[in-house]
Amino acid sequence: MEITVQWVKVSWTKESRGGEAAALRNAVPVGFAVPELPSRVAHFVHLSERYGFEPRSAERPLREVGLSLRNEGDRLRVLARVDPMFGLPPRRRRPPAVRLLPGQWVRWQLNYRFSSAMGMRGWSYWLDTFNIAYGPVDPDVFLSEPPVFVDERGPVR
């Protein structure tokens, strides 16, 4: 069965934590139209403070995306991986995996906070949004509200 994955990564520093820059950051989309991609490839969109939060698209192999995807017969098991444990803000326990039926999709969000080595520079932050669809979908599928939403965002102070 076909799987469509989009990874939207927003990255910023303390400079975008308030005022006009924060408003610009908070206005970025969490989903984009998906180009036609080969199988086993994700649509990666990076929006960085450095480039004024303008979207930059690329392709990434699915193995490089922070997701565990497993076919379970008639369902797709989806679980966002949390690789950099040291960058997590405090949160309650992790939610369970989501099991999608054909035609369903999920939006999963995680955020991170990092300090520089030795604390010499300020904090940096990022928000990962994973949009995952199971089965054939329209290229504009991730522009709408998801039928399943997992919010693992925590306070980044």
> Could you give the dipole magnitude of the chain about its Cα centre, charging the beta-carbon of Lys and Arg +1 and that of Asp and Glu -1, in debye to the nearest 20?
Replying inline: 880 debye
> To the nearest 0.05, how large is the calculated FRET efficiency for Arg40 and Trp123 if R₀ is 35 Å and r is the Cβ-Cβ distance?
Replying inline: 0.50
> Which of the trypsin sites (Lys or Arg not before Pro) found in region 32-67 are in a DSSP loop and have at most 15 neighbouring Cβ atoms, other than their own, within 10 Å?
Replying inline: Arg40
> Label Phe114 and Ala33 with points 7 Å out from Cα along Cα→Cβ: what is the distance between them in nm?
Replying inline: 3.2 nm
> Gain in length, Ala58 to Phe149, computed as 0.36 nm per residue apart minus the alpha-carbon separation, to one decimal in nm?
Replying inline: 30.4 nm
> Which of Ser68, Phe149, Ser57 sits closest to the plus end of the dipole of region 3-152, meaning its Cα is farthest towards the positive end, when Lys and Arg get +1 and Asp and Glu get -1 on the C-beta?
Replying inline: Ser68
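We did not get these values from a lab; they are worked out from the coordinates using the rules stated. Remember, predicted model here, so these are calculated numbers, not experimental data. FYI the Cβ positions are ideal-geometry reconstructions off the backbone, even for glycines, and counts take in every protein chain you see.
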